[in-house]
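*Asks:* Take a look at the following structure, please.
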Amino acid sequence: MKWTFDWLKEYLDTKLSANEIADELTRIGLEVEDLSTPVAPIAAKIVECKALTGSDHLHILMVDDGSKNLRQVVCGAPNARVGLISALALPGCIIDGHEIKSGKLRGVESNGMMCSARELGIGDDHSGIIELPAKTKIGSPVLDVKTVFDAGITPNRPDYLSVRGVALDLSAADAGKYIGTEPAELKPVKSVRNVRVETELCNVYRMAEIHNIKMAKSDEKIASRLAAIGINPKNAAIDATNYVCYDMGQPMHCFDADAVAGDIVVRMAASGEKFTDLFGTEHELKSTDIVIADDMGILALAGVVGGARAMTTDNTKNIILESAYFNPVSVRKTSKRLGMSTDSSYRYERGIDPTMTGRALGLAANIIMGACGGKIVGTVVAGKNEYKPRHIKYTPDMLAKKTGIDIDAKTQEKILKKLGYDIEIKKTSWIVTPRAARVDVEIPETIIADLVRIYGYEKIAQSTKRTGGAAAVAHDNFEIKTKMHLASRGLNECQSFGFGNSAVEEILDTKPLVMIANPITNDLDTARNGLLGNLLIAVANNEKRGFVDLNLFEMGTVFDGDMPGQQHTQIAIVRTGAISPKHWTRRNRNVDIYDVKADLVSLMCGQNFTISANDAPRWAHPYQYGKLVQGKKVIAEFGALHPAVAKKLHIKTPVVVAIVDNIDNLPRGWKLKHEMLSDFQPITRDFAFIVDANTMAANLTGTAVATDKRITGAVVFDSFDLGDGKKSIAFTITIQPTDNMDDAELQKLQDAVIANVEKKCNAKIRDK
């Protein structure tokens, strides 16, 4: 998205510089990728003109650019002559996307470039260099060169695809005052031509027919702004639609009314129907494409590109202006299939303000008639033209709970109102309504994101502290504590995509599938209805690579439908293979259903429950399955993976599963006990003692650990018989320092361990 600084200041009263505006936009979430103020071409007079030897068209010019010294330029324009005042692009100027540099042409030094109207972006004439009036001041800028912002727009913020939307966000961040006024809609005028909307994929289609225009160029303000952002001005009618597209974010199209036969119809294309766009390319359409048509056929591909038959030219006398709302998904599919991305499709596929069509039509019509004259002979509004505002329940304390940032309610209200939200304050909550252009705002979390970015990410560290305060609230929540508890039981957290594989989900359960219209990959074609499928895929992939002993859990959102609110949070646990690694001191075993049952019981806070073995789901072995039940409410379920399911997923290792379908069913009375991790690296030391043959190793390790509170554990790694009633026992202790330990301190602790073990265990430290 590009726009000029003067364009922005038409809607934002600010004292900030362009660089400060760019920094502020990046701070609040709109990353400015480039900020440029090009060097302006200047007026220069040709003082000398002679042919370049060996060339049939090049000339060596000596030009007066207003400095004391003449400048040498090589030029191939046929109209170059002594006395002509034209436009000179100095080294550093950007012309037609290329930076002008000094260099040699045919061995002759050239220190600039004389420019045509097309190269300057102010016309189509490229037959020669531009001829400026004789009164033009030498050395003066030929163009009103503008400072241009270029920002990367994220898909969730289509409101940024308009200069007005950018200005409004800046005003909310106190970078200036929003001074934009909404254009008025056109007054209704009875039309001879009618519009029929025959598809629900077009919510509203507005048309204004203007007759007796005298096609002219756009005024300097519009033409220069469009040229600065890379759009070559054509004529007032076409320029008006391009200007409104960037100014308001409403794509528009202009037809030559004399080339339109009869009424306008918005319909779906017939499969195989042909259409030639305004660039001359023919397309074969599908029945999923929306088209604008008349009695003779297709006029335009809705939301993507206009057609060749009714395109507006400099000879057009009567025009039809279109301003409509088309379904974003339909436009995106058509655009991607045809490989066409236009300014129009780029906006439609992200979602535009559904209430803007009338105001945009009014602005475009007034711009055209201001430049070309003419009279509106008819206006039509067709389609349902329905818009239902989204009312979101929100409470100011949600911000601290979700983010740990404590912003008072008055400040929150002030920020939201500046962003265009309507707020109805009730006793216990707010009803927040976003402006229609904010199609991304559907849940309280988006409101919170707006508050945080405007308040300032850089203030978060100042607002939250590690000990206590709002930050403690954010991390002291049930989900995080549950995850930490499961991790303490030896389970490793797994995080997968929010998508699922329909083939796998059908194997595991009878829940309805929530299919994705445009999946990122073929094997992730649903919004997942459970977590087990992705965990079992992870088990299968690990098994292929030789990792068969796994203890995994995942907590995440699963989807019951495709509408907001049709989702909940689930926990899934899988244990596979052996219960622990092989060890010489113990006999190993494979996991069983009692291991995952124990995981579930540990989450019950000691509450009573009963076990039911009825109605095993598809994934479970019918005779190794159980449910934790309180009354009629199922809290959780556990069981062994059904052999048939394991075979289909190519899993050979024993797998046991536990699922808490909705964490809201779990009791919340338990508290997780944990200690903060030390800032110091643990230290290990090895010891070997000679003891009596009947001495237990545990006596030595227990005595060693009891020597100092900084010793956190001891593990035996060697033991062998020495004969004569003696044996050797070697073990490692782990020391967790609470402060910096120097060598002397460490040696003192080691000596204490040796002395304590020798005294209490009748042991002797081994010298070798």
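The values are calculated or read from the model by the stated rules, or taken from the named source; none is laboratory data. Values in this document were obtained by computation on a predicted structure and should not be read as measured data. Cβ coordinates were reconstructed from backbone atoms using ideal geometry, including for glycine residues, and neighbour counts include every protein chain displayed. Heavy atoms of the whole protein, side chains included, go into the accessibility calculation; ligands, DNA and RNA do not. Shrake-Rupley method; radii C 1.70, N 1.55, O 1.52, S 1.80 Å.
*Asks:* To the nearest 10 Å², what's S330's accessible area with a 1.4 Å probe?
*Replies:* 10 Å²
*Asks:* Here's another thing I want to ask about it. Once you have the Cα-Cα distance between T53 and V629, take 0.36 nm times their residue separation minus that, and quote the gain in nm to one decimal.
*Replies:* In short, 197.5 nm is gained.
*Asks:* Could you rank the peptides 16-23, 628-635, 397-404 by their average count of other C-beta atoms within 10 Å per residue, with the highest value first? Provide the component values of the computation, followed by the final result.
*Replies:* Values: 16-23: 15.8, 628-635: 13.8, 397-404: 17.9.
Taking the mean over residues of other Cβ atoms within 10 Å, the ranking is 397-404, 16-23, 628-635.
*Asks:* Beyond a 24 Å Cα-Cα separation, which of these cross-linked pairs lie in this structure: K2/K234; K2/K317; K544/K648; K217/K274; K221/K333; K401/K627?
*Replies:* On the way: K2/K234 19 Å; K2/K317 32 Å; K544/K648 14 Å; K217/K274 33 Å; K221/K333 36 Å; K401/K627 33 Å.
Listed pairs above 24 Å: K2/K317; K217/K274; K221/K333; K401/K627.
*Asks:* Roughly how compact is segment 297-343, stated as its Cα Rg over 2.2 N^0.38 Å to two decimals?
*Replies:* 1.31
*Asks:* Under 5 Å between amide H atoms, partner at least 5 residues away or on a different chain: which partners does K511 have, H built in plane at 1.01 Å?
*Replies:* none
*Asks:* Obtain the nm distance between the two label points defined at T199 and Q736 by a simple spin-label model: each point lies 7 Å from its Cα along the Cα-to-C-beta direction.
*Replies:* 6.5 nm
*Asks:* For segment 557-639, list log₁₀ I(q)/I(0) at each q in 0.11, 0.15, 0.24, 0.27 Å⁻¹, using the Debye formula over Cα point scatterers of equal strength and ignoring solvent, two decimals each.
*Replies:* Results for segment 557-639 at q = 0.11, 0.15, 0.24, 0.27 Å⁻¹ read -0.42, -0.72, -1.21, -1.31.
*Asks:* Right, here's the next one. P(r) tail for segment 642-768, what percent of Cα pairs lie past 17 Å?
*Replies:* 68 percent
*Asks:* Moving on. Can you pull the one-decimal nm distance between simple spin-label points at H211 and M369, each 7 Å off the Cα toward Cβ?
*Replies:* For the pair H211/M369, the computed spacing is 1.4 nm.
*Asks:* So, R0 is 45 Å and r is the distance between the beta-carbons of T428 and L16; what FRET efficiency does that work out to, to 0.05? Write out the running numbers ahead of the final one.
*Replies:* Working: r = 40 Å, r/R0 = 0.88.
Plugging the Cβ-Cβ distance into 1/(1 + (r/R0)^6) gives 0.70.
*Asks:* Quick check: residue separation of D751 and D314 times 0.36 nm, minus the Cα distance between them. What number comes out in nm?
*Replies:* In short, 147.5 nm is gained.
*Asks:* Among the listed pairs K45/K135; K187/K417; K190/K384, give every one whose C-alpha distance is greater than 23 Å.
*Replies:* Listed pairs above 23 Å: K187/K417.
*Asks:* On C-alpha positions alone, give me the angle between the axis of helix 697-706 and the longest principal axis of the chain, in degrees, nearest 10.
*Replies:* 60 degrees
*Asks:* If I fit a long axis through the Cα atoms of helix 236-248 and take the longest principal axis of the Cα atoms of the chain, what angle between them do I get, 0 to 90°, rounded to 10?
*Replies:* The angle comes out near 30 degrees.
*Asks:* If the chain between R685 and N156 were fully stretched, how many nm would it gain, using 0.36 nm times the residue separation less the Cα-Cα distance?
*Replies:* Length gained between R685 and N156: 184.9 nm.
*Asks:* Let me ask something additional. Peptides 756-763, 42-49: what's the order by average Cβ count within 10 Å, highest mean first?
*Replies:* Packing proxy ranking, top to bottom: 42-49, 756-763.
*Asks:* Sorted by mean Cβ packing within 10 Å, highest first, what order do the peptides 486-498, 698-710 take?
*Replies:* The most tightly packed comes first, giving 698-710, 486-498.
*Asks:* Once you keep just the Cα pairs under 8 angstrom separated by 6 or more residues, what percentage relative contact order results for the chain?
*Replies:* For the chain, the relative contact order is 8 percent.
*Asks:* Can you pull the percent of Cα pairs in the chain with separation above 40 Å?
*Replies:* 58 percent
*Asks:* 7 Å from Cα along Cα→Cβ at both D523 and T446: what's the point-to-point distance in nm?
*Replies:* 3.3 nm
*Asks:* Roughly how tilted is helix 532-544, in degrees to the nearest 10 and between 0 and 90, from the longest Cα axis of the chain?
*Replies:* Its long axis makes an angle of about 70 degrees.
*Asks:* Report the paramagnetic label zone for R390: residues of segment 150-164 whose backbone N is under 13 Å from a point 7 Å from Cα along the Cα-to-Cβ axis.
*Replies:* 156-159
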